[in-house]
Structure formats: structure tokens, C-alpha cells
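The values are calculated or read from the model by the stated rules, or taken from the named source; none is laboratory data. Everything numeric in this text was worked out from a predicted model, so none of it was measured. Glycine also receives a Cβ, built like all others from the backbone with ideal geometry; neighbour counts cover every protein chain displayed. Surface areas here come from the heavy atoms of the whole protein model, side chains and all, with no ligands, DNA or RNA. Shrake-Rupley method; radii C 1.70, N 1.55, O 1.52, S 1.80 Å.
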Amino acid sequence: MAEEAAVRAQAETVRRLKQGNGDPDEIAKEVAKLLEMKSQLGEDEGKHKFVLKTPKGTRDYGPKQMAIRERVFNAIISCFKRHGAEVIDTPVFELKETLTGKYGEDSKLIYDLKDQGGELLSLRYDLTVPFARYLAMNKVTNMKRYHVAKVYRRDNPAMTRGRYREFYQCDFDIAGQFDPMIPDAECLKIVHEILSDLQLGDFVIKVNDRRILDGMFAVCGVPDSKFRTICSSVDKLDKVPWEEVRSEMVGEKGLSPEAADRIGEYVQLHGGLDLIERLLQDPKLSQNKLAKEGLGDMKLLFEYLTLFGITEKVSFDLSLARGLDYYTGVIFEAVLLHQENEHVEEPVSVGSVAGGGRYDGLVGMFDPKGRKVPCVGVSIGIERIFSILEQRLEASEEKIRTTETQVLVASAQKKLLEERLKLISELWDAGIKAEMLYKKNPKLLNQLQYCEETGIPLVAIVGEQELKDGVIKLRNVATREEVNVRRESLVEEIRIRTSQC
């Protein structure tokens, strides 16, 4: 039939567009057309074949992956709580105008939603702008908060490197008027604690200041109107060599070759307190008010980081720019240096695993009276960290437990289902994590094998003789040692044994 041929042709058009990474809006339009043609064809619903895949740049997480993720989330959240943070949540979408103009050149990656009920909405791009909106809306001037939630970017995904279109961010921010660099130093300490705790390998936390960058651009002869666009070029230095960045500045962005060369002399510098001291004496930079302020605060920051004992992992790096428009002062980024893994031939290249900085003007952009609330914060790149840990665990073939069950309630003979149900109910009511097999008369061997496969450490065995004696046989799955425990003491015995696991 001609209609079926037309549907096949339209399906082929959609397939080609998807394979060629076509424009998402054009793909959506062609898919809608295909669905309309199919519905007119009156296909039998029972024969409809679904394309079983997740959307580009997203993925499912099975029980094993979620077990790894929970470990990472728990480590990060416990660190945030240790530093006294409260937790908040905000809607997954915001008014489009809330997000517009806050992300510089990255604004093109924002997902816009169709007009629903007269409101133009966009999916949140990060957790920082919603936090600033929250502070302004609720007139909060002082807060230390963390927020763990999904964000969305219309990016070109590279999923093997932990780059997705839908992903979690774990943010920690300190809002309020405080003495210089004390909250900033705490944010860097938090990054150091989390990366050390997760044992991802060697890392460095690069630090710079937007005021130093702006001062440097000014003394190098960059026009004010080009500051932000030149900043985004400099930010690429961690991925491409200086020659390419210079050629982009001059060829694409119209900067004079002399100005680009002067920038080149600065952005290839990195070090610690000694470099800060040297730049404070620099004849050009020391004459620029912004650069001098930034260098003064950087010196103070390094003094505090010395007291925290973490300066060996921190590098003052003049190439660090971070492209987001809302940063006003200190900026930082944590990078893994290399991935030591003898099981994997190729090292895992993941780039930045945390980033943040000071954004003193963002809340004022939302406040009707323009009242400023100084803020500094850090975001942990959970997906990239997870990519490393997932690959490492796959290579090591370590068995991952996907449940937290402490004990399996089993029976040694037939017709003991009622006794198992009574016992498991007692354990659940006492807060013990317990399971049983959903069979009336399971074989004891099958029950023990289930424990071996799932990593359950203990088995509470109900038997006819045990019931007469008022005891339960408690078996250690790993050692196969069995002891009889009085029923009234069972909960306490399970707690003691599982706390030692």
C-alpha cells in the first residue's frame, strides 16, 4: 500500500536525522509527523513496536550502579552535613527569564519547554541560579546550604567520560556577608575532603580570581566589550594548546596579536604563594585596582589553606577562567591528574570533577531593590566521579551488594511458612533488614544459596525442634558456623553480629 510505503519513507528520514545528530527540534517535528502518519494508517496497537532505548545523553542505572552511586552520594552529603549545611530543593523547571543571561556562551544549552498555561519555562541548567532566586524570593541574607538534584543541558553528550544531558549536581554554598576568604577557604577544604575520601587518585584544585583575570585583560589591552568572550577562550586551555586558543582570540574574536601575546605570558603561569607575591610586584598588574584586590585576597586564601594543611593539592593557575558569567571573585576547579589502573589499558580521562567560585552579584539580579547577598559555592561532578568508580569496580570484579539485608528467615522442614512469617514480622518491627523466599516449602539448600548469591551475612533458621526449645538457629553464611539463640535475644544478637560486618 502507498500509505505504508510513505510511513516507511518517513521512518527512514527520522533514522537518518538521528544518526547524523540532526537538530533536536527538526527531529521532534519529523517524529511527530511519523506518529501522525502511523495513527492515520490505523496500525493494530497490539503489533506496535516501541523503540526501546533511553533518550540521547541519558541512561538507566541498575541496582549495581545505584549501589555505587549511593556510596558516593553518602560520602558527599555526610561531608556537607559535617560542615553544618542545611538542605533545600527547588523545582526542576524555572521561568525562562530566571535562567536567561546568567551563563554566558553556555546559554544556548538551556532546554526550553513549550508554553504551558501562559508561562515560558526552561529546565534548570544548574543549581546555583535557582539558589540565588530562592534567596532573593524569600529575603534570605545568610545561609549555608547543600542541594543534590538533577540538572539538564542540551549538550553534545560524551557518556563514556561522564558527560550527559541529564545529570546530578551536588552543590554546597555559603551565602552572607562575612570576612574575606574564610568561606572560600572552607569550600576548597570540602572539595579536598570529598576527593580524598572517595580515593579517586591524585588531584589538583586550580584556583584563580575573576578580578585578576579582568585586571590582566585590561593591562594586556583587551577592550572591555571582549572580556567575557576572551575569558571563554582562555577557559579552553585545559583542553587545547595555547597556539589554538591564541588563534581563536585573534582569528575568530578579533583581538590584536599583541594583546593575545601579552595574555599568553600570564595565562601559562601557575604556582602558589611565591607566584602571588611575584605578581603583586608586577609593574603592570600591581597598578590595576581589580587585579591588586584579587591578588590580595588570593594571598589571604592561601594563608588559610596553609592552616587547613591542603596547599600541596592547590595551584594558583592564571589559565583558569570558568565560562559562567555570574562569577565575581575567586574561582576554582578540581582536576584528576591521571588514573592509575593496571586492569585498564586506556587511562580514564574525565577532566574536571568539581568546580565553583564566588558570585556576589547574582542574588541582587533577582532582588527588586537590587540588595546584594555575597555567595561562594562548589559543585561536585558526580557523574564523572561515578564513571571512574564504575569502570574501576568492573575491572576489579569486586562483588557489589545491591541490598542491605542483614538476615534471611529460612525453614529447615516443610509446613513452617506461618512460623517464618511470624518471625520475619518480629524482625521487621524491630528494625532488622530481613528477607524470606516466597515459597511455602523452600529447600534449605536453595535458601542458603540465595544468601551466597546476594551477600546476606546471616540466616535465621526455624525448625520443629527449635520451636519446641524456644530457640532460633543463627547461621553465619561466610563461616557456616551455627548457634542456637533464644528467640527473645535474637534481635540483639543479629544487631551485634551485623555491626561487626
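Only one of the values (i) 143; (ii) 235; (iii) 164 was calculated from this structure for volume of the Cα convex hull per residue in Å³; name its label.
(ii)
Where in the chain is the longest stretch that carries no chymotrypsin sites (Phe, Trp or Tyr not before Pro) classed as loop by DSSP and with at most 11 other Cβ atoms within 10 Å?
By the stated rule (loop sites, at most 11 other Cβ atoms within 10 Å), 51-437.
Which lysines have a Cα lying under 29 Å from the Cα of Lys433, excluding residues fewer than 8 positions away in the same chain?
The qualifying lysines are Lys64, Lys81, Lys399, Lys414, Lys415, Lys422, Lys443, Lys468, Lys473.
What accessible area per residue comes out for segment 407-499, rounded to a whole number of Å², with a 1.4 Å probe?
On a per-residue basis, 58 Å².
What is the distance, in nm, between label points placed 7 Å from the Cα along the Cα-to-Cβ direction at Gln19 and at Glu452?
Placing both labels 7 Å beyond Cα along the Cβ direction yields 4.8 nm.
Which value, in Å², gives the accessible area per residue of segment 280-320 when a 1.4 Å probe is used on the protein heavy atoms?
Here the residues of segment 280-320 average 49 Å² of exposed surface.
Ignoring ligands, DNA and RNA, what percent of the 1.4 Å accessible area of the chain is carbon and sulfur?
51 percent
At a Förster radius of 30 Å, what calculated FRET efficiency corresponds to the Cβ-Cβ distance of Gln177 and Asn74, to the nearest 0.05?
My answer for the efficiency is 0.35.
Placing +1 at every Lys and Arg Cβ and -1 at every Asp and Glu Cβ, with all other atoms neutral, what dipole size does the chain have around its Cα centre, in debye to the nearest 20? If you can, show how the numbers build up before the last one.
On the way: 74 positive and 82 negative charges, 227 e Å.
With only Lys, Arg, Asp and Glu charged at Cβ, the dipole is about 1080 debye.
Where does helix 490-499 land angle-wise versus the long Cα axis of the chain, in degrees 0 to 90, nearest 10?
Orientation of helix 490-499: about 40 degrees from the principal axis.
Whole-Å semi-axes of segment 407-499's equivalent ellipsoid, largest first, each the root of 5 times a Cα gyration tensor eigenvalue? All intermediate terms of the calculation are to be shown ahead of the outcome.
On the way: eigenvalues 56, 51, 33 Å².
After scaling each eigenvalue by five and taking roots: 17, 16, 13 Å.
Please work out the Cα center distance from segment 119-144 to segment 403-482, rounded to the nearest Å.
50 Å
Put +1 on the Cβ of each Lys and Arg and -1 on the Cβ of each Asp and Glu in the chain; which of Pro157, Ile76, Thr90 then has its Cα farthest toward the positive end of the dipole?
After comparing all options, I get Thr90.
Just how large is the dipole of segment 407-499 about the Cα centre, in debye to the nearest 20, putting +1 at every Lys and Arg Cβ and -1 at every Asp and Glu Cβ?
Numbers: 16 positive and 15 negative charges, 57 e Å.
That gives a dipole near 280 debye.
For the chain, build the charge dipole from Cβ charges (+1 Lys, Arg; -1 Asp, Glu) around the Cα centre, then report which of Met436, Gln19, Ile110 sits farthest towards its positive end.
Highest projection toward the positive end goes to Met436.
Under a plain spin-label model, where a point goes 7 Å from the Cα along Cα-to-Cβ, how far apart in nm are Leu421 and Asn441?
It is 1.7 nm.
Setting aside same-chain residues fewer than 8 positions from Lys144, which aspartates and glutamates have a Cα under 17 Å from its Cα?
Glu86, Asp89, Asp171, Asp173, Asp179, Asp184, Glu186, Asp360
Quote the charge dipole size of segment 1-41 about the Cα centre in Debye, to the nearest 20; the model charges only the Cβ of Lys and Arg (+1) and of Asp and Glu (-1).
140 debye
Per residue, how many Å² of accessible area does segment 1-41 show with a 1.4 Å probe?
So segment 1-41 comes to 72 Å² accessible per residue, rounded to a whole number.
Once both labels are modelled 7 Å past Cα along the beta-carbon direction, what's the Glu243-Arg154 spacing in nm?
Between Glu243 and Arg154, the simple spin-label model gives 3.6 nm.
Excluding residues on the same chain fewer than 8 positions from Lys18, give the aspartates and glutamates whose Cα lies under 17 Å from its Cα.
Answer for Lys18, where 17 Å is the Cα cut-off: Glu26, Glu30, Asp155, listed by chain and number.
Give me the number: length gained by fully extending Gln287 to Arg401, i.e. 0.36 nm times residue separation minus the C-alpha to C-alpha distance, one decimal in nm.
Working: separation 114, 0.36 × 114 = 41.04 nm, distance 6.03 nm.
Taking 0.36 nm per residue and subtracting the Cα distance, the gain is 35.0 nm.
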